[in-house]
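The values are calculated or read from the model by the stated rules, or taken from the named source; none is laboratory data. What you see is a predicted model; the values in this text were computed from it and never measured. Using ideal geometry, Cβ is built from the backbone for each residue, glycine included, and neighbour counts are taken over all protein chains shown. Just so you know, the surface numbers come from the protein's heavy atoms only, side chains and all, with ligands and any DNA or RNA stripped out. Shrake-Rupley method; radii C 1.70, N 1.55, O 1.52, S 1.80 Å.
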Amino acid sequence: MISLGIIGTNWITEQFIKAVDETKTFELTHVYSRTLEKAQSFIADLKKQNIDMSTDLNDFFKKDFDTVYIASPNALHFSQAKLAIENNKNVIVEKPSTSNIQEFSVLEKLAQEKGVYIFEAARHIHEPIFKKIEEIVDKHRDELSGATFSYMKYSSRYDAYLAGKNPNIFTTKFSGGALYDLGVYTVYDAVVLFGQPEKVEYSAEFLSSGIDGSGSLTLKYPNFDVNIIIGKTKNSYMSSEIYFGRDTLVLDNGGDIHHLDWADDNKNVTDVPTVKSQNPMDSEAREFARIMLEKDTATYDKLLGYARIVNRVLEQARTSAGLVFEADEEK
């Protein structure tokens, strides 16, 4: 197995560690946390033993492990991934991997120079259910006439924001907001299924912190539009849809997809048989490990290409809405 270090002792990191344990792809050997107490608590919750702990990033990256998984606040991804690559570590970084396309370009170039891998952890595009969607879109591509993707979830941190606190996810300092937290899933949907859009427009509902609490995004393609609805300040139970003229593929969600239906012109709705991963991160863990072990440069380049387009589209969307991160001022 590939030795793994992690940055971020939160629920998503715990889910990733469970995925690598289940798939027997990576072995957790090193943990970085700002405090020793958090690292110890995290390791105890996972029932792990003999795990090396660090509270200093430079010290952490000097340790003997192959790959780092980064699940810190968005604005920290770039500096942490850059330091990892400079220390010859492969990088798996949660989406979005950077705050702007300039940062992404730096990481991509540096990883190439160092001969290491950098993966953006868009876990849902690796799941069997998404592969089924790709299969259907490819089969009916000649009839493809647009899509609507919706992903709105009331954030567990929004009440804290309303109470006058300053959660990272609702600040421009940490590159938060609806687009970069939930919208990234739906942008991945569009980019993987339909390619790079010709034009990007984002209409955002801004909070007093200057961040987008929700919004609507339009991706324009030569023959159709993709409409995206995202939000962290309200809940939506709206299905997502991909249109093929008279027929429609219905997704229960634009980000966390569990079920597919095919609806025809006569309102006949048919269940599309597929498989949903019990742990949604299992598939990406297997794929990242396989690519590294088999040196599958073709698939790696394809995934890196998706990530490059997605990060560019996210920045174009922000620019169209006038949404500025503090990271932009450091360009």
Lone qualifier among Y161, Y154 - being farther than 30 Å from K89 by Cβ, touching a helix residue (DSSP H, G or I) at 6+ places or on another chain (Cβ under 6 Å) and among the hydroxyl-bearing types (S, T, Y): Y161
Residue in segment 118-157 that is farthest from Q80 (Cα to Cα), counting only those that are open to solvent by less than 30 Å² (accessible area, probe 1.4 Å) and of a type in the set (S, T, Y): T148
K165, sole failed condition from (1) without any contact (Cβ under 8 Å) to a residue 24 or more places away in the chain; (2) touching a Pro at 6+ places or on another chain (Cβ under 8 Å): (2)
Filtered residues of segment 261-286 (kept if charged (D, E, K, R), under 30 Å from E120 (Cα atoms) and not in a loop (DSSP other than H, G, I, E, B)): D261, D282, E284, R286
Tally of residues being within 19 Å of V310 (Cβ to Cβ), of a type outside the set (K, R) and open to solvent by 40 Å² or more (accessible area, probe 1.4 Å) across segment 204-221: 1
Segment 33-75, residues that are touching a strand residue (DSSP E or B) at 6+ places or on another chain (Cβ under 8 Å), open to solvent by 20 Å² or more (accessible area, probe 1.4 Å), part of a helix (DSSP H, G or I) and of a type outside the set (S, T, N, Q): L36, L57
I133 more than 17 Å from the chain's Cα centre (by Cα), more than 18 Å from T299 (Cα to Cα) and β-branched (V, I, T): yes
In segment 158-196, the residues that are open to solvent by 20 Å² or more (accessible area, probe 1.4 Å), within 30 Å of D247 (Cβ to Cβ) and either of a type in the set (D, E, K, R) or part of a loop (DSSP other than H, G, I, E, B) (or both): G195, Q196
